[in-house]
């Protein structure tokens with residue numbers, strides 16, 4: 001009898017929802033997304049001046065959001081450009097709305 005793995009049980013949609021939720025699991029990341037979502041275009045600048053955290057900590061949070069696909073752009077200093085990934089942002093909203101309906 002073949003064993004059932006988690007990949008056989010959970011849908012791709014459930015796995016993607018969990019990945020987005022994990023990326024949203026820290027208040028700093030929520031603040032980053034709110035800041036970026038309030039901008040009409042990409043943000044060029046030093047977020048460490050706007051958020052009360054060390055640059056190294058900020059980089060870790062930006063990388064987590066980028067790995068989840070919620071932001072995009074060049075997040076490697078000295079050239080800094082941060083943008084909401086609008087397609088994945090909309091997907092995250094849709095998937096999370098299904099959970100909370």
In degrees rounded to 10, the 0-90 angle between helix 27-37 Cα long axis and the longest Cα principal axis of the chain is 70 degrees
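Contact order normalised by length for the range 15-99, with contacts defined as Cα pairs under 8 Å and 6 or more residues apart; what percent is it? All intermediate terms of the calculation are to be shown ahead of the outcome.
Working: 73 pairs, mean separation 27.8, N = 85.
Rounded, it is 33 percent for the range 15-99.
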Per-residue ellipticity at 222 nm attributable to helices in the chain (runs of n ≥ 4 DSSP H, -39500 (n - 2.57) apiece, nearest 500 deg cm²/dmol) works out to -16000 deg cm²/dmol
Simple spin-label estimate for residue 37/residue 94, 7 Å along Cα→Cβ, in nm, reads 1.7 nm
In degrees, nearest 10, the alpha-carbon axis of helix 55-67 is tilted away from the dominant principal axis of the alpha carbons of the chain by 40 degrees
Which of (1) 14, 44, 25, 12, 4, 1; (2) 15, 40, 18, 6, 6, 6, 5, 3, 1; (3) 14, 45, 33, 7, 0 is the computed P(r) over Cα pairs in 10 Å bins from 0, in percent? It is (1)
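Coordinate-derived values only; no laboratory data. All values reported here derive from a predicted model rather than from experimental measurement. Because the Cβ atoms are built from the backbone with ideal geometry, glycine has one as well, and the counts that use them run over all protein chains shown.
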